[in-house]
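Okay, so here's the structure we're looking at.
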Amino acid sequence: MTVTEIADEVQVQLLFLAQIAQENAVAAMERAAERAQRVLPAAAIRFAGRLPDAVKLVDRGFETTEQWLQSQRQFAAKLGDAMTPTPPV
């Protein structure tokens, strides 16, 4: 097994573990939200309706992150090109 193959396998396993942790976090948040709705007074629940849409905020954050990442990818590619020696003519 090459170093690249080992790195790829580690990456796959880490992603799998992260997904399991995320699923557990979502399940815990769902349980907490259900309990909060039973305990909180109606006024607090009405106030929650004034909060920004969480999904829209997440989407906006990821869109910005994707733009930054694309910019960094282009920058790194340009640096790689600049460091690549050109063969003599």
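The values are calculated or read from the model by the stated rules, or taken from the named source; none is laboratory data. Everything numeric here is computed off the predicted structure, so don't read it as measured data. Ideal geometry is used to build each Cβ from the backbone, glycine not excepted, and the neighbour counts take in all protein chains shown.
Can we say residue 74 is without any contact (Cβ under 8 Å) to a residue 12 or more places away in the chain, touching a helix residue (DSSP H, G or I) at 6+ places or on another chain (Cβ under 7 Å) and in a helix (DSSP H, G or I)?
no
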If we keep just the residues of the range 39-89 that are among the β-branched types (Val, Ile, Thr) and surrounded by fewer than 10 Cβ atoms within 10 Å (Cβ to Cβ), which is farthest from the chain's Cα centre (by Cα)?
89
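Using the structure shown, decide if residue 65 is polar (S, T, N, Q) and at pLDDT below 95.
Here the answer is no, as residue 65 does not meet what is asked.
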